[in-house]
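Have a look at the structure below before the remarks.
Since every read-out is calculated from the coordinates, none of them should be taken as a lab result. As the structure is a computational prediction, the values presented were derived from the model and not from experiment. In this analysis, Cβ positions are derived from the backbone assuming ideal geometry, glycine residues included, and neighbour counts consider all displayed protein chains.
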Amino acid sequence: MNVATHIENINNFGQLAAFYGIGAASGAAGAAVGLGVGSALAGDTFLGGILGTSTKVATGFFSGLVSGTAGGFTGGFINGFGNTAMDPQSDFGDMLSAGWNSGMTGAIFGGVAGGITGGIDAVAHERTFLTGELKPKQDVLVRVSDGNIAFNAEEIIPKENFKYFDTPLSNNSNVTAINNTDQLSIKYPRGVRITGVRQYGDNFIPKENIQFGKHALTITPIDKTGSVLLYGYRYYKNTPLSSFRDLFHFRPR
């Protein structure tokens, strides 16, 4: 890329090699500094990030913003300084000025790109977009029942591990009938994500009678004694920030 943007200034193989080397050096240095800073933010060593021996990865928008800014500035400075040095009419001050300007541009673009990338990485690993903090998660069981059936929740739901929701099909504002069918649409409790079905007892609604959606499920009741247990999870709100260090979190590599 650096060769292509300076092709008009290349008159011999030596200049071609020099511009190529400047581009390669700036890219490698920027990547190395970005990885090193990310490793340091994760509580590992700067060198470990460069060598790839770090066992932790900084994640979240703020971590990506810092490491991307550092890497972008480093690469940009080397690129601007080196390219200006190729001009025989430039002096050291010109090189520093060009390096600074190019570095600042690289820092802006690198910071934005790094922040977005870090945030996406955090969300992909069930963490908050901004800080990369792991979202506190609680297991959830939801009983959907079509009638009054005996149910001892404590037999299968340890109180300390599960949040339990009971969802009757009758007289429930979250349950609506689908026109011209026997099916019912049931909204999930707020903040709950359903991941599967757990059947309990002798009378239950078969799995094939249940269709899962993102925010609700469609169910076909079989009789007045049918029941099904849905299991999943919900997230808690993260704890408020108490220090600058709380902006930066990491995950295992």
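Key figures for this structure:
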quantity	calculated
Convex hull volume per residue in cubic angstrom - Cα atoms of segment 2-133	108
Mean Cβ neighbour count within 10 Å, used as a protection proxy, ranking 235-247, 112-124, 81-93 highest first	112-124, 81-93, 235-247
Stretchable slack from A17 to T55, in nm (0.36 nm times residue separation minus alpha-carbon distance)	10.0 nm
Spin-label pair H125/N209, simplified geometry with 7 Å Cα→Cβ offset, distance in nm	4.3
Efficiency of FRET between D87 and A113 - r from beta-carbon atoms, R0 25 angstrom, step 0.05	0.30
In nm, spacing of pseudo-spin labels at W100 and N238 (7 Å Cα→C-beta vector)	3.6
